[in-house]
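Participant: Okay, here's the structure, questions in a sec.
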Amino acid sequence: MPSNQILLEEPLRMALVLEPSKPSFFPAMTKIVGTLGPKSSSVETISACLNAGMSVARFDFSWGDAAYHQETLENLKMAVKSTKKLCSVMLDTIGPELQVVNKTEHPISLEADTSVVLTPDQKKEATSNLLPINFSGLSKAVKKGDTIFIGQYLFTGSENTSVWLEVTELDGEDVVCLVKNSATLAGQLYTLHVSQIRIDLPTLADKDKEVISTWGARNNIDFLSLSYTRHAEDVRYARDYLSKLGDLSQTQIFAKIENIEGLIHFDEILQEADGIILSRGNLGVDLPPEKVFLFQKAAVYKCNMAGKPAVVTRVVDSMTDNLRPTRAEATDVANAVLDGCDAILLGAETLRGLYPVETISIVGKISAEAEKVFNQDMYFKKTVKFVGEPMTHLESIASTAVRAAIKVKASVIICFTSSGRAARLIAKYRPTMPVISVVIPRIKTDQLRWTLSGAFELRQSLIVRGLFPLLADPQHQADLTNASNDSVLKVALDHGKAGGIIKPHDRVVVCQKVGDASVVKIIELED
């Protein structure tokens, strides 16, 4: 909270570094997206993940069938009910992902300076000299001397499980390669990535459409993670497809930037997408190592200024097999938070890692520590300058609410919203205190049936840094014009008190609409 705020730019007593972290109802303002899979599919483990700080559950359809993911989702629902922790659902598409087909699932050892053939004939068995792949056009896309990476980590620090190949010969549809390093391909999934080469496959594959229209529509997914987004048109096409699937018209699309093509068209993609996922696995292969940090900082900054969530991936790969992250990984998590990211996405670490709960917990702790030294004052001034004048009405209210909360050292900001937009704008200015977003359901009718909106808006705020949502009782809508005695406000205050973030005599900033006017007010609590 504000009283703990220190700045790295100011003289820092080293003894402060040793002070123990204080537990909080909200482990961190930065959100954690956990991928559920073999090591994290039981009710017990998912419950522990929720308690550790996971607020978004990712379902990766690159592996596993719909029945398996449905069973995991049902377990998630039970875990949410038992822990009383909210969690939203993200469906991750396969997209134009190239994979090695290893039906036996036995480990494959490749030796440096030997040859291996990549073939589209998936009937053949994978061996040390022959790897079947799921794409018949590879020989037309590559040329002699091109670089191909295969593995789980794609040369991001685990070279013993990833292999670097150099194309030496094209033989019909087969691609003959020289193995550059010794490695063992183990596990269920080996991704194949051709460095800086366009693969002529649709961003939203037929299999993706089938999964979205069945599993996605049945479960009202909150987010669609659009893998290998290369152009703004990819996002527009996906949105048009979702709009024809009933409630999925409300699903937010997060564009995954995974290659040079997506990087080049980043600005136009950001305009169309609801959020961005910086997929540093594949991107880390396409970019020279010394350029990766530059892309991350520039991309997160652009997302921050646009007020759209930025999600960073591949931060603690080593925790897939180890109980603690490396020093570099711990620093990487902190730097992502200091850069301004909204969420950290964990993939293999929670999907098949040995320590899914511990990984979420340590990422949350590192994020919370980094948030204490986040230079909010500098960030606020930078954002206001970027927005410029005249501000929109809503932007002005949001920035005013954050400024007021910081000036009076408020313990929390409470925002009443229907669409969630007002709360997201407040979060855009990165206040140092939590924002409790009270979502007021709206009653809608198509003359055949009545429906209540609000659930999507509530769950979708679970990926935004600093936002902690509550769904109001729709019968209280009429009370909102009388905020001083508002029972909905009392519920929000009680929620903050229960979490220990609101105490007697604390100041609270409330942002709401009263009639046609938007109001920001400061209340001081009694005993």
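The values are calculated or read from the model by the stated rules, or taken from the named source; none is laboratory data. Computed from a prediction, not measured in an experiment: that's the story for all the values here. Positions of Cβ are backbone-derived with ideal geometry, glycine not excepted, and every protein chain shown enters the neighbour counts. Surface accessibility is based on the protein's heavy atoms, side chains included, excluding ligands, DNA and RNA. Shrake-Rupley method; radii C 1.70, N 1.55, O 1.52, S 1.80 Å.
Participant: What pairs can you find where one residue is in region 245-258 and more than 14 Å from Gln271 (Cα to Cα) and in contact (Cβ under 8 Å) with a residue 60 or more places away in the chain, the other is open to solvent by 10 Å² or more (accessible area, probe 1.4 Å) and part of a strand (DSSP E or B), and their Cβ atoms are less than 6 Å apart, with a gap of 6+ or different chains?
Facilitator: none
Participant: Same structure, new question: For the structure I just gave you, tell me whether Thr30 is modelled with pLDDT of 95 or more, closer than 20 Å to Thr313 by Cβ and open to solvent by less than 60 Å² (accessible area, probe 1.4 Å).
Facilitator: Judged against the criteria, Thr30 is a match.
Participant: Out of region 59-87, which residues are open to solvent by 50 Å² or more (accessible area, probe 1.4 Å) and among the hydrophobic types (A, V, I, L, M, F, W, C)?
Facilitator: Scanning region 59-87 gives Ala67, Met78, Leu86.
Participant: Here's something else I'd like to know. Which members of region 313-330 meet the condition of being surrounded by 15 or more Cβ atoms within 10 Å (Cβ to Cβ) and β-branched (Val, Ile, Thr)?
Facilitator: Selection gives Thr313, Val315, Val316, Thr320.
Participant: Taking Gly157, is it modelled with pLDDT under 90, closer than 26 Å to Ser279 by Cα and not acidic (Asp, Glu)?
Facilitator: Considered against the rule, which asks whether it is modelled with pLDDT under 90, closer than 26 Å to Ser279 by Cα and not acidic (Asp, Glu), Gly157 comes out as yes.
Participant: Which of (1) surrounded by fewer than 24 Cβ atoms within 10 Å (Cβ to Cβ); (2) more than 25 Å from Lys497 (Cβ to Cβ) does Lys365 not meet, given it meets every other one?
Facilitator: (2)
Participant: Of the residues that make up region 366-374, is at least one touching a residue at least 12 places away in the same chain (Cβ under 8 Å), among the hydroxyl-bearing types (Ser, Thr, Tyr) and out of contact with any Asp or Glu (no Cβ under 6 Å at 6 or more places or on another chain)?
Facilitator: Yes, some residue in region 366-374 is touching a residue at least 12 places away in the same chain (Cβ under 8 Å), among the hydroxyl-bearing types (Ser, Thr, Tyr) and out of contact with any Asp or Glu (no Cβ under 6 Å at 6 or more places or on another chain).
Participant: Which residues, counting only those in region 308-334, are in contact with a helix residue (DSSP H, G or I) (Cβ under 8 Å, 6 or more places away or on another chain), without any contact (Cβ under 8 Å) to a residue 40 or more places away in the chain, within 21 Å of Val56 (Cβ to Cβ) and in a helix (DSSP H, G or I)?
Facilitator: Thr320, Glu329, Val333, Ala334
Participant: Here are Glu125, Glu105: which of them is out of contact with any Pro (no Cβ under 9 Å at 6 or more places or on another chain) and of a type outside the set (Val, Ile, Thr)?
Facilitator: Glu105
Participant: From Met54, Met90, grab the single residue that is touching a Cys at 6+ places or on another chain (Cβ under 8 Å) and open to solvent by less than 20 Å² (accessible area, probe 1.4 Å).
Facilitator: Met54
Participant: A further question on this structure: Among (1) closer than 24 Å to Ile199 by Cβ; (2) modelled with pLDDT of 95 or more; (3) buried (at least 18 other Cβ atoms within 10 Å of the Cβ), there is one condition Ala310 misses while meeting the rest; what is its number?
Facilitator: Of the numbered conditions (1) closer than 24 Å to Ile199 by Cβ; (2) modelled with pLDDT of 95 or more; (3) buried (at least 18 other Cβ atoms within 10 Å of the Cβ), the odd one out for Ala310 is (1).
Participant: Counting just the residues of region 102-119 that are open to solvent by 30 Å² or more (accessible area, probe 1.4 Å) and either more than 33 Å from the chain's Cα centre (by Cα) or of a type in the set (Ser, Thr, Tyr) (or both), which one comes out nearest to Trp63 (Cα to Cα)?
Facilitator: Out of the qualifying residues, it is Thr104.
Participant: Gly353 passes all but one of (1) under 25 Å from Ile253 (Cα atoms); (2) open to solvent by less than 10 Å² (accessible area, probe 1.4 Å); which number fails?
Facilitator: (1)
Participant: Are any residues in region 277-303 open to solvent by less than 80 Å² (accessible area, probe 1.4 Å) and among the acidic types (Asp, Glu), and if so, which ones?
Facilitator: Scanning region 277-303 gives a single hit, Asp286.
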